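Data first, discussion second: the structure below is written as structure tokens.
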Amino acid sequence: MRLSTAIKWGAAVLFVCTASSVSVAKAEVELVLPIEGDPVVDVKLARIGWYLFRDPNLSSNGKVSCESCHNLQTNGAQNTAVAAGVKGAGTRNAITVFNASLNYRLLWDGSSNTLVSQMDGPIHDPLEMDSNWPKIESYVQNNEQYQALFKRAGNLPIS
């Protein structure tokens, strides 16, 4: 590299660094505030959720639960490159479910903004759980363990 080229590049780098530091100094800093208070958790409903999250019978092959891909022992995420799903051939890695209720965007592409709106995805996806709500509802309604859990939670309807 010729000396004049090196000097030009050096001057360009110096200019960029100087300009960047000036613009950063002028930028307003907006702090991210912590979330206030503890979330209200109904322990009886949480227990139902815990069982549903770990139940492989919600999938079409009876082998894949939510926890199969969102392993709570590996930070609520997948420790493999791609989630296997019911057919053993997923297309992406499962992201963490830790603190998911506090997120304002969910899924890798951010296409969902609530836990309720995102849960149809894995249930219906032929590579993930390949199931449907009528099948799951029927299974849960006919399962004595779930019947007892829903009864203890205040005789909630299973729907």
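The values are calculated or read from the model by the stated rules, or taken from the named source; none is laboratory data. Because the structure is a prediction, the values reported are computed rather than measured. Reconstructed Cβ throughout: ideal geometry from the backbone, glycine too, with neighbour counts over all protein chains shown.
Annotations for the structure displayed:
- Answer residue from the stretch 43-61, given it is part of a loop (DSSP other than H, G, I, E, B) and among the polar types (S, T, N, Q) and is surrounded by the fewest Cβ atoms within 10 Å (Cβ to Cβ) among those: Asn61
- Any hit, the stretch 80-89, residues being touching a helix residue (DSSP H, G or I) at 6+ places or on another chain (Cβ under 7 Å) and either in contact (Cβ under 8 Å) with a residue 60 or more places away in the chain or of a type in the set (Val, Ile, Thr) (or both): no
- Across the stretch 28-44, a minimum of one residue is classified as modelled with pLDDT of 90 or more and of a type in the set (Lys, Arg).
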